[in-house]
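Everything below concerns the one structure shown next.
The values are calculated or read from the model by the stated rules, or taken from the named source; none is laboratory data. Keep in mind it's a predicted model, so treat the numbers as computed, not measured. All Cβ positions, even for glycine, are placed from backbone atoms using ideal geometry, and neighbour counts span all protein chains on display. Note: accessible area is taken over every heavy atom of the protein model, side chains too, but ligands, DNA and RNA are not part of it. Shrake-Rupley method; radii C 1.70, N 1.55, O 1.52, S 1.80 Å.
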Amino acid sequence: MGKITILDLQRMKDERKKITMLTAYDCPTAKILDSCGVDIILVGDSVGNVILGEDNTLPVSVEDMIHHTKAVTRGSKDSLVVIDMPFMSYQISTEDAKRNAGRMIKESGAEAVKLEGGTNMEDTIKAITDIDIPVMAHIGLTPQSVHRMGGYRVQGKEDKQREKLMEDALAVERAGAFSVVLEVIPSKLAREITEKLKIPTIGIGAGVDCDGQVLVINDLLGLSGEFRPKFVKKYVHMEELVSKAVKEYISEVRAETFPGEEHSFQ
Ligand code: KIV
């Protein structure tokens, strides 16, 4: 398979083929996802809470994003790599947003940026796409707005919120986004947005009818501790496997059964 482009993603929507997206934050993980054939690797600003031990995504910097994305692009060949624009790297002005998006693409090797927001980000998305940087939008539960939302909760349950989310979706499409993440919204609303939009929708906690799905890799692998929102499916319990291996190593070192002859030099 060759390099996935934003044109391939549009074709997949048109041909009703599901799009797969996962996050990665380092080179070995990116290599695995790429070789498995995942369509999009997202270097999410979830790096803040998932990898760097922060409480939320707000402290993540442009430098953090570039550092992790460089590792991911070194490990990926065919998957499209998308870099998340962190909090306050695109909210101040469209000039600032263009400068940061340009720097992030130039220095990280990613092929597209992602940013959070709907109607409020229409001008920003247009400004960035006008300089030929593809933009993935992100609406619904937008983690950078955690304080405004009063926590991480399902969005779009009431009529007014539903209408607003539909407006957001239409606004990001109008602005030139090549796709949009729908996070933690009712499945029916996600289906309506997906039917209405020409660009692909990628869902997380948004039901099965989106054009594609995304999960945080650590959640899928069972590497995120007690964090277990309803929309996460753990495909493997890595924490248990890693603990077992580490305990075995400790006990073998203490018992002097590791290293053995086969791990030693004469
Ligand atoms: O930062 C992230 O990982 C994300 C995905 C959950 C969509 O934005």
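In units of 2.2 N^0.38 Å, what is the alpha-carbon radius of gyration of the stretch 125-206? If you can, show how the numbers build up before the last one.
Values: Rg = 12.5 Å, N = 82, 2.2 N^0.38 = 11.7 Å.
Here the answer is 1.06, to two decimals.
Taking K and R as +1 and D and E as -1, what net charge do the other residues with C-beta under 11 Å from the C-beta of HIS138 add up to?
-4
Using θ = phi - 60° and the Karplus relation 6.51 cos²θ - 1.76 cosθ + 1.60, list the HN-Hα couplings for the stretch 141-155 in order, rounded to whole Hz, with x at every Gly or Pro.
6, 10, x, 5, 9, 3, 6, 5, 6, x, x, 8, 10, 4, 9
Only bridges with both residues in the chain count here: give the DSSP antiparallel percent, nearest 5.
5
Using a Debye calculation, one point per C-alpha and no hydration shell, please list log10 I(q)/I(0) for the stretch 1-83 at q = 0.17, 0.20, 0.22, 0.26 Å⁻¹ in order.
With no solvent term, the Cα-only Debye profile gives -0.67, -0.85, -0.95, -1.16.
Could you tell me the distance between the Cα centroids of the stretch 183-217 and the stretch 70-109, to the nearest Å?
So the separation of the two Cα centres works out to 23 Å.
Calculate for the chain the 222 nm mean residue ellipticity that helices alone would give, adding -39,500 (n - 2.57) per DSSP H run of length 4 or more and normalising by residue count, nearest 500 deg cm²/dmol.
The helix-only estimate for the chain comes to -12500 deg cm²/dmol at 222 nm.
If I ignore ligands, DNA and RNA and count only protein heavy atoms, how much of ILE51 is accessible to a 1.4 Å probe, in Å² to the nearest 10?
Its accessible surface works out to 70 Å², give or take rounding.
Keeping all protein chains in the complex and leaving out DNA, RNA and ligands, what accessible area do you get for THR124 with a 1.4 Å probe, in Å² to the nearest 10?
In the full protein context, THR124 sits at about 10 Å².
Translational diffusion coefficient, Stokes-Einstein: compute it for the stretch 129-266 using the Kirkwood radius over C-alpha pairs as Rh, at 25 °C and 0.890 mPa s, and state it as an integer in µm² s⁻¹. All intermediate terms of the calculation are to be shown ahead of the outcome.
Details: Rh = 17.9 Å.
For the chosen part, D equals 137 µm²/s.
Take the Cα coordinates of the stretch 1-142, assign each an equal point scatterer, and use the Debye formula without solvent to give log10 I(q)/I(0) at q = 0.10, 0.12 Å⁻¹.
At q = 0.10, 0.12 Å⁻¹ the computed log10 ratios are -0.31, -0.45.
Counting only heavy atoms of protein chains, what accessible area per residue, in Å², does the stretch 6-235 have with a probe of 1.4 Å?
Numbers: 10570 Å² over 230 residues.
With the other protein chains kept in place, the stretch 6-235 gives 46 Å² per residue.
For a 18 Å ceiling on Cα separation, which of these pairs sit above it: LYS77/LYS233; LYS3/LYS31; LYS126/LYS164; LYS70/LYS114; LYS126/LYS188; LYS157/LYS188?
Correct reply: LYS77/LYS233; LYS126/LYS164; LYS126/LYS188.
Using only the alpha-carbon atoms, how far is helix 27-36 inclined from the longest principal axis of the chain? Give it as 0 to 90 degrees, nearest 10.
70
Tell me the volume per residue, in Å³, of the convex hull enclosing the alpha carbons of the chain.
151
Enumerate the calculated ³J(HN,Hα) couplings along the stretch 248-260 in order (Karplus 6.51 cos²θ - 1.76 cosθ + 1.60, θ = phi - 60°), each rounded to whole Hz, writing x wherever the residue is Gly or Pro.
5, 4, 4, 5, 5, 5, 5, 8, 6, 9, 10, x, x
Could you let me know the centre-to-centre spacing of the stretch 241-264 and the stretch 1-36, using Cα atoms, in angstrom?
The distance from the Cα centre of the stretch 241-264 to that of the stretch 1-36 comes to 38 Å.
Between the helical axis of 187-196 and the dominant principal axis of the chain, each derived from Cα atoms, what acute angle in degrees is found, rounded to the nearest 10?
Taking the Cα atoms of the chain, the angle to 187-196 is about 60 degrees.
Along Cα→Cβ, 7 Å out, is where each label goes; now give me the distance between the ones at ARG153 and CYS36 in nm to one decimal.
3.4
Quick one: if you stick a label point 7 Å off each Cα along the C-beta vector at GLU192 and PHE227, how many nm between them?
In this crude spin-label approximation the distance works out to 3.1 nm.
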